[in-house]
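The structure appears right after this line, and notes come after that.
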Amino acid sequence: MRQPVQTLLEHVRRGLGGVVLLGGALPADTAAIAGPVVDGFCVLRAGGGGPVAQASAFGGLAELVRPLLDGEALLDGESGLDLDRGAGHVGRVAGELIAQAAAGQPVVAVITEAHLLDPESVTAISVAVRTTRGAPVAWLIGLDDVRRAPFGALGAVAVQLQRPAPAGDLPKATTRALLVLAASATGHIDEIGGALDHLGLQVGDLAPAVADGVIEATATGWRFRDLGVATAVYTNASPTERQSTHTAFVDAILGLRETEKGEILARHLAGAAAGTDGAAAQALGWAADGARLRGALEAARSSYGRAATLSPDPGARARWLAGAADTARLLGDLGGVGRAIREARVLTDDATLNQRLDRIAARTSALRTPQTRIKALLEVGGHTTAIGLILAGRAVDAEAMLAPVVSSALMSDPLDVGPLTVPAIAAGAMWTCDVRGAAALLDRSIALLRAYGAAEHLPAALIVRAEVGYRAGRWPAARDDAMEAAALASRLGQQPVRAVARGLALRVSALMGAPTEEASALEAESAGSEAYVLWPRHAVGTAFLAEGKWDAAVTVLRGVAEGLEQLGVQDPSVLPVAGDLVEALIRADKMALARKAAERAKDEAAASMSIVVRAVAERCLGQVGKAAKAKQHFDRALRLHAETDDRYEEARTLLAYGRHDGDRARLEAAADRFARLGAWPWLALAEDELAAKRPGKKLGALTAK
């Protein structure tokens, strides 16, 4: 766990910099990792959990850089940190200050609970990290999710912390009481206290384990700090000890609630059973049914299997084995499915049960049906008609058709709906602006497909979720989904799917300034006339745009626009290319073509339900317009952006507007939004515009200690 940090510090000692993200890190974890190895460094610290960091805008940044300033003049503007200029400006100045300090002594900047920092500090610190890339500065950033923007777009080394299990020498009564807690289903004081009493123990016997840090008190009882310790305590006990413990629980529970017939009692009845026990088997089977209904598949499979073992009746045992087989199918354990089905068939001649076993076997075989062509997304059914309506520019009609389909799919098994129908429905929902519905459907379906072990059906769903994540501004997560889809598709031989996935990964990563591959490599592979190649081609154009290769971007993006026209795609939501194409044409000094592209964008946006598409069309008209007319288009675009959650396109509109009229406030606002997303190439363009329009008044001096 310490190795990435130690490696980073070695780099810093050699005059280089870097970043390590510590996922799931508590302040104590970060301090424990960084504390012993920072001798000889200037250590800066800030934390999102402190009152200063949360009290006001830039509170976290103030905490970080205050040791480098003469006095406390951080927030008065005299130090050079002009807060009115926005988080992007403040972050750049803070980064320069830290780099200046690092010139005299290497710097370690430790940020704890970065996800709790005020938003302005998050943006400013991420910009400061980028600003210090060439300086001997080590950044250790602890946060809940290493994919959180903008930190997840920094190209950092990500480490997921795992805490070691505590251990200690405990009294015999305490060890016995720990077995009671390990066998408990809830850790509730009623359940634990009753079982301890039946075993001749007391609640106070748990106190040494609390003092030793093995367990901790909760509002209703106790729990192990580490589940691995609980498992070890239970498995290391003798069968007789475990059986007597569960018997004590049965007596305690029935003493508290005589009508108890739930999962907790079933668990302890099974644990107390010395041989076959019909009552325990029945209770455990019912518990398994309940666990499966709420999605606890591992618990359900275990309970079905144990119920079959305990049942003295062959017919009942066969029924529980059928449940175990179907749950194993849902978990992707195909070997477990076969074993349970074979054993159940030997035990029963019941025609109904055998038909159920046949259905389980048939559905299991569907898990291994490969889908190699992305065209299979458009399976026969109502959603296909909806997608056809979208492509024809009739998104309103498509939305009415898709709304009940999405809600129904959210409650269905993806294998019942069709593993490739799910991403088609989600794509249609996304194109009709139901991004949240699409995300919910994909999140649930992908989680279930993973549980089933149905890897063959994951790439298409991951691709659509990557597109949803891109449009929602969750870029690191979108990139990871696309890269996983590409790797899976490559392994499974799904070449068209792989091309689309690689394209999405390139598009998102290029916008973050760290492309997953060379655009030229994907460009060579994406030649062809099939519809699916338009996605990787668009990604290539986006990558060229991010690199400032305007002429190359024009060539590729014009080809994408022509391809969409040839396919009859009339709704620009399907693959929004107009904003990128107009931008590339303008920067390549092809204004006549830019005007034509902007006019086409206006015509296409008229039929779209997407507010973002309409806002981008207005921006395009503003970029090619003149004087007051251009201002009207930009103002309309910003009003439309305000109705959406899309901060990326809004930032691009602010940048284009600021280029047009020289308004520094708009340029600073654009820079802040780009920084908050982690759109570093676009932030660089905004910074170039700001540098070209630098005000006459000089910033105050920054003085490092």
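The values are calculated or read from the model by the stated rules, or taken from the named source; none is laboratory data. All values reported here derive from a predicted model rather than from experimental measurement. In this analysis, Cβ positions are derived from the backbone assuming ideal geometry, glycine residues included, and neighbour counts consider all displayed protein chains. Heads up: the accessible areas ignore ligands, DNA and RNA and are worked out on the full protein's heavy atoms, side chains in. Shrake-Rupley method; radii C 1.70, N 1.55, O 1.52, S 1.80 Å.
Structural remarks
- The residues of the stretch 574-639 have, on average, 44 Å² of accessible surface per residue, using a 1.4 Å probe with all protein chains present.
- In sequence order, calculated HN-Hα J values of the stretch 592-599 (Karplus, 6.51, -1.76, 1.60; Hz; x Gly/Pro): 4, 5, 4, 5, 4, 5, 5, 5
- Under-5 Å amide H pairs with Gly47, H placed in peptide plane, nonlocal only: Thr112
- Accessible surface of Thr432 - all protein chains present, 1.4 Å probe, nearest 10 Å²: 10
- Cross-link pairs Lys549/Lys596; Lys549/Lys602; Lys596/Lys626; Lys602/Lys626; Lys549/Lys590 - those with Cα-Cα distance over 19 Å: Lys549/Lys596; Lys549/Lys602
- Within the accessible surface of the stretch 389-534, defined with a 1.4 Å probe on protein heavy atoms only, the carbon and sulfur portion equals 57 percent.
- Within the full protein context, the accessible area of His11 is estimated at about 60 Å² for a probe radius of 1.4 Å.
- Residues His198, His633 ordered from highest to lowest accessible area at a 1.4 Å probe: His198, His633.
- Atom-type composition of the exposed protein surface of the stretch 177-252 places 52 percent of the accessible area on carbon and sulfur (1.4 angstrom probe).
- Here the translational diffusion coefficient of the stretch 594-699 follows from Stokes-Einstein with Rh set to the Kirkwood radius across Cα pairs; for 25 °C and 0.890 mPa s it amounts to 175 µm²/s.
- Ranked packing of 185-192, 388-395, most packed first, by mean Cβ within 10 Å: 388-395, 185-192
- Ala158 long-range amide H proximity, modeled H, under 5 Å: Leu21
- Arg345 accessible area, assembled protein chains, probe 1.4 Å, Å²: 90
- 3J(HN,Hα) from dihedral phi, the stretch 339-345, Karplus parametrisation 6.51/-1.76/1.60, rounded to Hz, x for glycine, proline: 5, 5, 5, 4, 5, 5, 5
- Rounded to the nearest Hz, the phi-derived 3J(HN,Hα) couplings of the stretch 135-146 under the Karplus curve 6.51 cos²θ - 1.76 cosθ + 1.60 (θ = phi - 60°) are 10, x, 10, 9, 9, 10, 10, x, 7, 6, 9, 5, where x marks glycine and proline.
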